[in-house]
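Read-outs: derived from the displayed coordinates by stated rules, not from any lab. Owing to the predicted nature of the structure, the values given are computational and were not obtained by experimental measurement. Note that each Cβ is placed from the backbone with ideal geometry, even for glycine, and that neighbours are counted across all protein chains shown.
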Amino acid sequence: MTVSYLDNLMAALRCLPGVGPKSAQRMAYHLLQRDRVGALQLASALQKAASNVQHCSKCNNFSELEVCELCASTRRDEGQLCVVEMPADLLMIEQAQCYRGMYYVLMGRLSPLDGIGAKQLHLERLVKRVQQHPCEVILATNFTVEGDATAHYLATLLQSLGVRVSRIARGLPVGGELEQVDSGTLAQAVLERRELTV
Amino acid sequence: MTAASRQNRQQDELAFILHSHPFRETSLLLDVFSRHHGRLAIVARGARRPRSALRGVLMGFQPVTLSWFGKGEVRTLHSAEWQGGQPYLQGTALMCGFYLNELLVNLLGRDDAHEQLFDYYRATLQRLAHEADHAATLRCFEKHLLQELGYALELEREAGSRQPVLAEARYRYVIEHGVVADDGRMDGFPISGKTLLAMTADDYSDPQVAQQSKQLMRVLINHHLGGRVLHTRELVKDLQKL
């Protein structure tokens, strides 16, 4: 017996994270019964995105062009390179309007317990980039144990190439009151305190 | 609260988070090593919400007290409190911490309490944070872990004959058998009497002892892992090449 189109659709939907057989079935029935137009739009959007979106050759972020808009901009400072884990992190830093340099998106983090090591992160592109355009590298990976491990690895790698490396600071949130903050953050903030020069 | 649900509730249990996975939209699935209940899977609902108070608490390598309920394979987190007193691991110490966690995740069964091992793990994290040379710390932990799992190493006596090991003699360590005199046979791992005695005393200051004990432990742990690969080892090797 051949697999029906419906079965095929349900099987295909299960490639999404968190979608099991039940959810796939619900989605498939919804698309076919209630929203055919939406289904066709979804199909064409997926088709276009999957065949046209690639990684920017400079920052590794998703881009339809060889070099993404941000990297092609002439108004950015080429002397600084901010390394983030995911595209969403890049958007947050852009939203904060605190940084005018360039970016590099790792598209992940080192996580040995998930089997993600240095090879899986494809760091060759980052290495090539700093070798071609020497700059200060700012490590803006998450303050999780995996993010810290990634920062340590990158710092070792980049410093061996003679690159100046810094790590974003952590501590109390802006407008934060000591009374409300969690102990872990507070302990780290006290540990990483800095001298005031007036 | 019914009697049954009270029974399935654990209050303020000392624990470490070994690993966590994103789960559903805003939750975390935690792999927890607790002092009285061993390794457990616990879901922390809403832990990935932007303002979740759990974020700064559910960090690896930090002692926490957890309260949870449920009796199935996956429990549900009720609350978590930060204990403190353990400096954050950084650099190489952090990599070593990942190695400890990978060993525990791969070798410890679920719902099996190992209180001594828990205390030893806690002390080992302290050593990693305060000492510069981590090799000896890792060897001690590996030895302790195997012992807790029921594979205690007898290093100071020959298997079978029960003859005491002599520092100047040469031996072979045969897996699941023990130390035998080196009579030119090819099986087992070649090792000096000096290393065996130093390992018994947990003294890894001699470079040759450090080297041989590392290799012996690697062989033994690989045997117990049954073909599973430790990714932290690869990562540390990559780091050393830089």
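The figures follow:
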read-out: Amide hydrogen neighbours beyond the local backbone of B:His114, cut-off 5 Å, H modeled; value: B:Gly38
read-out: Net charge of neighbours whose Cβ lies under 13 Å from the Cβ of A:Ala24, counting Lys and Arg as +1 and Asp and Glu as -1; value: +2
read-out: Relative contact order computed over chain A (Cα-Cα under 8 Å; 6+ residues apart), in percent; value: 13 percent
read-out: ³J(HN,Hα) computed for each position of the stretch B:71-88 - Karplus, 6.51 cos²θ - 1.76 cosθ + 1.60, integer Hz, glycine/proline x; value: 10, x, 5, 10, 8, 10, 6, 9, 7, 9, 10, 7, 9, x, x, 10, x, 4
read-out: Charge dipole magnitude, Cβ of K and R +1, D and E -1 - the stretch B:3-82, Cα centre, debye nearest 20; value: 220 debye
read-out: Value of [θ]222 nm, deg cm²/dmol, for chain B, DSSP H segments ≥ 4, -39500 (n - 2.57) each, nearest 500; value: -12000 deg cm²/dmol
read-out: Cα pair distances in the stretch A:67-167, grouped into 10 Å bins until the bin that holds the longest one, percent each; value: 15, 51, 30, 4, 0
read-out: For A:Tyr104, residues with placed amide H under 5 Å, excluding near neighbours; value: A:Cys82, A:Val83, A:Val84
read-out: Volume in Å³ per residue [convex hull over Cα atoms, computed for the stretch A:5-52]; value: 75 Å³
read-out: Chain A, dipole about Cα centre (Lys/Arg Cβ +1, Asp/Glu Cβ -1), debye to the nearest 20; value: 520 debye
read-out: Net charge contributed by nearby residues that have their C-beta within less than 14 Å of A:Arg194 (K/R +1, D/E -1); value: +1
read-out: Estimated 222 nm signal from helices in chain A, with DSSP H stretches of n ≥ 4 weighted -39500 (n - 2.57), rounded to 500; value: -13000 deg cm²/dmol
read-out: Tail fraction, Cα-Cα pairs, the protein assembly as shown, threshold 41 Å, whole percent; value: 31 percent
read-out: For the stretch B:154-162, 3J(HN,Hα) per residue [Karplus equation, 6.51 cos²θ - 1.76 cosθ + 1.60, θ = phi - 60°, Hz, x = Gly/Pro]; value: 9, 9, 9, 9, 6, 5, x, 6, 6
read-out: Paramagnetic reach from B:Tyr151 (point 7 Å along Cα→Cβ, amide N under 13 Å) across the stretch B:99-131; value: B:103-104, B:106-109
read-out: Per-pair calculated FRET efficiency, R0 = 51 Å: B:Ala53 and B:Arg162 via Cβ, rounded to 0.05; value: 0.30
read-out: Separation in nanometres of the label points that stand 7 Å from Cα toward Cβ, at B:Ala169 and B:Gln208; value: 1.7 nm
read-out: Environment charge of B:Leu28, counting only residues whose C-beta is closer than 12 Å and scoring Lys/Arg +1, Asp/Glu -1; value: +3
read-out: Inter-chain Cβ neighbour average for residues B:83-93, partner chain, 10 Å; value: 3
read-out: Degrees between helix B:91-107 axis and first principal axis of chain B (Cα, 0 to 90, nearest 10); value: 90 degrees
read-out: For B:Ser20, distant residues with modelled amide H under 5 Å away; value: B:Asp31
read-out: Vicinal HN-Hα couplings computed from phi for the stretch B:34-48 (Karplus, 6.51 cos²θ - 1.76 cosθ + 1.60; Hz; Gly/Pro x); value: 9, 5, 9, 10, x, 7, 9, 9, 10, 8, 9, 5, x, 5, 9
read-out: For the stretch B:1-72 and the stretch B:210-224, distance of Cα centres in Å; value: 33 Å
read-out: Exposure rule at most 16 other beta-carbon atoms within 10 Å, DSSP loop GluC sites (Glu not before Pro): chain A longest free segment; value: A:67-176
read-out: Förster-model FRET efficiency, 35 Å R0, A:Asn52 and B:Glu25, C-beta, rounded to 0.05; value: 0.80
read-out: Ascending count of other beta-carbon atoms within 10 Å, so fewest first, for A:Leu16, B:Leu220, B:Leu125; value: A:Leu16, B:Leu220, B:Leu125
read-out: Alpha-carbon centroid distance for the pair the stretch A:72-136 / the stretch A:1-69, whole angstrom; value: 27 Å
